[in-house]
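Attaching a single structure in structure tokens format; questions to follow.
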Amino acid sequence: MLLLHVSDTHLGSSRPFTRLGLVERERDYYDVFDEVIDIAVREGVEAVVHSGDLFDDPRPPPRPYVYAAKSLRRLAEREVKFIAVAGQHDQPKRRGASPLSVLSEMGLVYSFGEAPGDVRSGLVKLKSCELGVTGIPYFDRPQAGSVVGMINPPDSARKVLVAHALIQELGLSNYSVSISQLPVESYDYVALGDYHLFYSYEKSSVPVIYSGSTEALDIREYRDERFVVLVDLSGGEASFQKIKLERVRKFIEINVSGYSELLTELSKLSKTSFSKKPALYINVLRELSSLELNRVRSEVRRLIDRGVVLSCNIVSMEKEPAEVRVERRGAGFSLDRIIEKLFKDPGVIQLVQSLLSSSREGDVETIVSILAQDRALLAELEKLVKAK
Ligand SMILES: [Mn+2]
């Protein structure tokens with residue numbers, strides 16, 4: 001009996017290029033999600049286990065919902081179960097339901113926990129057997145004790161524990177729980193999410209696995225490959241196999257110390273063929289004059305216009321933080337730039353940006369309290385309103 005473990009698909013995200021307003025980047029996340037579904041169908045798995053952050057936003061706009069529903073329907077039609085827990089991105093900050101509850105109502109997702117502390121155990125009927133599942137949605141470290149106390153391994157021959165949490169063993173400071181607190185030995189496989197890189201750990205010969213995110217969400221993640229994990233629960237002990245995702249956007253990083261060297265690298269790049277235009281990062285190892293920097297920029301702009309690369313970040317190693325973003329012209333538009341032109345005051349710009357990107361209840365209260373504290377900002381806003 002086979003399962004496919006996937007995590008952190010962040011549907012609806014266009015990171016790390018949110019500010020560039022690139023439609024292509026948002027599509028990347030849907031493309032690779034479709035690849036995951038293709039793999040599930042190809043490998044003949046009986047269930048897909050998603051360990052959190054299915055969506056990037058707790059209140060996804062229609063587009064990611066539609067893509068998720070479309071892809072998940074392909075599994076439902078084949079009676080492949082999609083089992084999921086909520087990550088912090090799938091949990092509304094205050095009142096409100098998780099997007100998982102919508103998909104579960106549609107019969108597309110078996111939700112095993114949506115809010116912190118909502119630990120659920122149960123059985124899911126698969127084609128060849130019943131699978132026991134315990135789901136632990138994202139929680140903070142202070143809740144670890146009570147969350148662990150709620151874990152009740154289901155009575156089944158095959159059991160998986162699915163959790164969205166950083167374990168202490170990763171060596172990160174913001175962990176939620178230690179693996180020693182979890183009853184790993186009561187399960188055959190532990191599917192973890194929240195850590196965006198592949199990581200495997202073994203306790204009592206039970207695989208404890210982070211499959212990692214399906215796309216790179218920030219500059220620290222792009223150097224690594226992306227995976228899903230095929231889990232075989234047929235034998236006595238679970239065995240697993242990483243499957244590399246191929247539809248992921250490539251990020252190309254080049255280190256250069258001078259202009260002519262850069263030109264050589266860029267011309268090499270324009271001769272290479274990629275299935276998807278790569279995102280380019282240029283690390284400039286020494287300080288460039290503004291003339292040189294302008295030439296670099298126009299060179300890069302040519303590559304973007306010719307469709308060789310998707311985007312380019314020029315990062316100077318000498319000056320910190322001297323990141324120069326070369327934005328793409330013509331394609332899409334940047335809401336941020338429009339707002340910056342419209343409002344001059346940095347406080348007002350920030351406020352408007354956070355208002356536009358917010359989708360949570362309670363944000364209005366937050367903004368009112370910001371305005372109550374910041375009289376200058378309030379006066380600035382009043383001026384704008386009067387001018388209208
Ligand atoms: Mn995540």
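Taken together, the values in this text are just the output of simple stated rules run on the coordinates, not laboratory data. The structure displayed is predicted, hence computed values, not measured ones. Counting neighbours? That spans all protein chains shown, and the Cβs are built from the backbone with ideal geometry, glycine included.
Return the calculated 222 nm mean residue ellipticity for the chain, to the nearest 500 deg cm²/dmol, obtained by summing -39500 (n - 2.57) across DSSP H runs with n ≥ 4 and dividing by the residue count. Intermediate results must be reported in sequence, preceding the final value.
Working: 10 runs with 123 residues, N = 388.
After summing the helix terms and dividing by residue count, I get -10000 deg cm²/dmol.
Scan around Phe227 for amide H atoms under 5 Å from its own, H built in the peptide plane at 1.01 Å from N, and keep only partners 5 or more places away or cross-chain.
Here Leu245 satisfy the definition.
Of the options Ser156, Pro60, Ser71, report the single residue whose Cα projects farthest towards the positive end of the charge dipole of the range 2-244 (beta-carbon charges: Lys, Arg +1; Asp, Glu -1).
Most positive-ward Cα: Pro60.
Sticking with this structure for a sec: Compute from the Cα atoms of the range 212-273 the Rg and the Dmax, the latter being the longest Cα-Cα distance, and quote both in angstrom.
Cα-based Rg and Dmax for the range 212-273 come out at 18.1, 60 Å.
When the Karplus curve 6.51 cos²θ - 1.76 cosθ + 1.60 is applied with θ = phi - 60°, which whole-Hz ³J(HN,Hα) does each residue of the range 202-207 get, with x for Gly and Pro?
Those phi angles translate into 10, 9, 6, 6, 9, x Hz.
Right, here's the next one. Given H placed on each backbone N at 1.01 Å, which residues far from Ser13 in sequence or on other chains put an amide H within less than 5 Å of it?
Amide H to amide H, under 5 Å and 5 or more residues apart or across chains, Ser13 pairs with Asp56.
Another question about this same structure. Over the Cα atoms of the range 251-326, what radius of gyration and what Dmax do you get, in Å?
When restricted to the Cα atoms of the range 251-326, Rg and Dmax are 11.6, 35 Å.
Quick one: of the DSSP bridges fully inside the chain, what percent are antiparallel, nearest 5? Write down the numbers at each step before the final one.
On the way: 26 of 64 bridges.
Given both bridge residues lie in the chain, the antiparallel proportion sits at roughly 40 percent.
Another question about this same structure. Under the rule of at least 5 residues apart or a separate chain, name every residue whose amide H is placed under 5 Å from the amide H of Asn283.
Ile254, Asn255, Val256, Val315
Would you work out the relative contact order for the chain, in percent, from Cα pairs under 8 angstrom that are 6 or more residues apart?
On the way: 791 pairs, mean separation 54.1, N = 388.
That works out to 14 percent.
Sticking with this one: So what's the range 22-65 giving for Cα Rg divided by 2.2 N^0.38 Å, two decimals?
Working: Rg = 12.2 Å, N = 44, 2.2 N^0.38 = 9.3 Å.
Taking the Cα Rg and dividing by 2.2 N^0.38 Å, one obtains 1.32.
Separate question: Per Stokes-Einstein, at 10 °C and 1.306 mPa s, what whole-number D in µm² s⁻¹ belongs to the range 111-207, with the Kirkwood radius over Cα pairs as the hydrodynamic radius? The partial results should precede the final answer.
On the way: Rh = 13.7 Å.
For these conditions, the coefficient is 116 µm²/s.
Go through the range 5-11 residue by residue and turn each phi into a ³J(HN,Hα) via Karplus (6.51, -1.76, 1.60, θ = phi - 60°); whole Hz please, and just put x for glycine and proline.
9, 9, 8, 6, 7, 6, 4
Let me ask something else. Looking at the chain as a GNM with Cα springs under 10 Å, which of Glu292, Glu114, Glu24 has the largest mean-square fluctuation?
Looking only at Glu292, Glu114, Glu24, the biggest GNM fluctuation is shown by Glu292.
Rounded to the nearest 5, what % of DSSP beta bridges with both residues in the range 251-326 are antiparallel?
On the way: 5 of 17 bridges.
Of the beta bridges lying entirely in the range 251-326, close to 30 percent run antiparallel.
Straight-line reach from Lys383: which aspartates and glutamates have Cα under 18 Å away, leaving out those fewer than 8 places along the same chain?
Once the sequence-local aspartates and glutamates are set aside, what remains near Lys383 is Glu340, Asp345, Asp374.
Output the 0 to 90 degree angle, nearest 10, between the alpha-carbon long axis of helix 346-357 and the longest principal axis computed from the alpha carbons of the chain.
40
Can I ask one more? Would you look at the GNM of the chain, springs on alpha carbons closer than 10 Å, and say which of Arg158, Arg226, Arg78 moves the most?
Arg78
Okay, moving on. List Leu20, Leu126 from most exposed to least, where exposure is judged by having the fewest other Cβ atoms within 10 Å.
On the way: Leu20 23, Leu126 20.
In increasing order of surrounding Cβ atoms, one gets Leu126, Leu20.
Can you tell me the 0 to 90 degree angle between the C-alpha axis of helix 259-271 and the longest principal axis of the chain, rounded to 10?
It is inclined by approximately 50 degrees.
What are the semi-axes of the equivalent ellipsoid of the chain, taken as the square roots of 5 times the eigenvalues of the Cα gyration tensor, listed largest first and rounded to whole Å?
On the way: eigenvalues 314, 156, 75 Å².
After diagonalising the Cα gyration tensor, the semi-axes are 40, 28, 19 Å.
Let me ask something else. I'd like the FRET efficiency for Leu378 and Asp34, computed as 1/(1 + (r/R0)^6) with the beta carbon distance as r and R0 of 56 Å, rounded to 0.05.
Details: r = 47 Å, r/R0 = 0.85.
Once rounded, the FRET efficiency stands at 0.75.
Something else now. For the range 153-250, compute Rg over Rh where Rg is the Cα radius of gyration and Rh is the Kirkwood radius from the inverse mean 1/r over Cα pairs.
On the way: Rg = 14.1 Å, Rh = 14.3 Å.
Checking Rg against Rh, the ratio lands at 0.98.
Using 0.36 nm times the number of residues separating Ser260 and Ala69, minus their current alpha carbon distance, what extension gain do you get?
Values: separation 191, 0.36 × 191 = 68.76 nm, distance 4.92 nm.
Result: 63.8 nm gained on full extension.
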